Amino acid sequence: MPLTENQDLNEKTRLPRHIAIIMDGNGRWAEQRGMERIRGHFEGAKAVERISRFAADELKISYLTLFAFSTENWKRPSAEVRGLIDLLFDYLKKEPDELQKRNVRLRFIGRLDDFHENIREEINKAINNSQENSGLQLTVALSYGGRQEILQAVQAISDEVSAGSLTLEEAESFDEEDFRAFFYAPDLPDPDIIIRTGGEQRISNFFLWQAANAFFWSTSTLWPDFRESDLQDAIKAYQMQH
Ligand code: FPP
């Protein structure tokens with residue numbers, strides 16, 4: 001990737017601070033080649049590595065969030081769910097050195113309790129090992145749903161009121177910032193761009209609250225085919241509207 005082009009992106013207009021991606025099209029990528037769907041997810045994991053490396057090393061953006069597994073994805077055939085979880089496990093085992101080298105802090109949002117203990121252990125290890133890194137914050141959304149995130153915030157507030165650590169008056173006077181303190185990663189700024197690959201133009205229960213002012217960019221490119229130049233195209237489109 002010619003550096004001059006990236007410098008161009010940086011200099012001409014403001015770089016987005018936070019890019020979030022709905023990675024779609026793995027299954028179709030595989031089906032088009034007569035392969036098992038899991039093979040598409042395998043190629044999708046390679047795209048995760050490629051794009052996060054580019055975001056960290058070349059673009060030097062601050063936040064990248066990847067929607068890897070939705071609350072709805074549990075309804076997929078069990079072999080596919082197992083395959084996806086295995087891929088995630090491999091990623092967590094393999095990536096720490098890479099992330100360390102690139103100064104990337106890895107974070108997770110979603111209902112992590114839905115995962116088996118050995119996955120949660122690897123997740124926690126990855127979080128702890130990279131928490132001091134000051135470069136890109138790479139957030140992986142797992143068993144994530146935007147509605148569920150809002151609902152669990154309401155439940156957490158109600159629990160605090162019941163426990164007496166928050167008064168009803170305090171809860172009733174909450175503003176937006178007070179409310180988002182109950183989200184999975186309250187300090188994560190709202191995304192500037194939400195990219196969806198695979199051609200559909202829906203938000204699919206992703207970042208419902210956080211998407212309020214995001215620029216939405218959809219491409220027909222399937223996630224395993226998504227390249228650095230596609231990410232640059234999304235940024236250029238964002239900058240044109242900004
Ligand atoms: C959507 O494609 C993609 C997913 C449900 C999973 C995304 C997972 C990865 C990219 C790999 C693992 C992630 C990490 C972080 C290592 P789809 O199956 O819905 O595609 P389709 O719409 O063509 O059927």
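Just to be sure, is ASP225 without any contact (Cβ under 8 Å) to a residue 60 or more places away in the chain and within 16 Å of the ligand (Cβ to nearest atom)? So that I can check it myself, show each step before the final result.
Details: without any contact (Cβ under 8 Å) to a residue 60 or more places away in the chain: no; within 16 Å of the ligand (Cβ to nearest atom): yes.
Answer is no for this residue.
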#### Entry: Members of the stretch 204-225 found to be part of a loop (DSSP other than H, G, I, E, B) and open to solvent by less than 60 Å² (accessible area, probe 1.4 Å), listed by number
SER204, ASN205, PHE206, PHE207, ALA214, THR219, THR221, LEU222
### the stretch 50-105: number of residues that are outside any helix (DSSP H, G or I), more than 10 Å from the ligand (Cβ to nearest atom) and open to solvent by 70 Å² or more (accessible area, probe 1.4 Å)
2
### Message
I need the full set of residues from the stretch 179-203 which are of a type in the set (Asp, Glu) and either surrounded by 14 or more Cβ atoms within 10 Å (Cβ to Cβ) or touching a residue at least 12 places away in the same chain (Cβ under 8 Å) (or both), in order please.
### Response
ASP190, ASP192, GLU200
### Residue pairs meeting the criteria (Cβ under 8 Å; at least 6 apart or on separate chains; first in contact (Cβ under 8 Å) with a residue 24 or more places away in the chain and closer than 17 Å to VAL104 by Cα, in the stretch 35-58; second away from the ligand (no atom under 11 Å from the Cβ) and open to solvent by 70 Å² or more (accessible area, probe 1.4 Å))
ARG50/ARG227; PHE54/MET1; GLU58/MET1; GLU58/LEU3
### Selected residue (criterion: surrounded by the fewest Cβ atoms within 10 Å (Cβ to Cβ)) from residues of the stretch 15-36 that are within 6 Å of the ligand (Cβ to nearest atom) and assigned to a helix (DSSP H, G or I)
ARG28
### Query
If we scan the stretch 140-152, do we find a residue that is crowded, with 16+ Cβ neighbours inside 10 Å, assigned to a strand (DSSP E or B), of a type in the set (Phe, Trp, Tyr) and within 15 Å of the ligand (Cβ to nearest atom)?
yes
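The values are calculated or read from the model by the stated rules, or taken from the named source; none is laboratory data. Predicted model only: the values in this text are computed from it and were never measured. Positions of Cβ are generated from backbone atoms using ideal geometry, with glycine treated the same way; all protein chains shown enter the neighbour counts. Note: areas computed on protein heavy atoms with side chains; ligands, DNA, RNA excluded. Shrake-Rupley method; radii C 1.70, N 1.55, O 1.52, S 1.80 Å.
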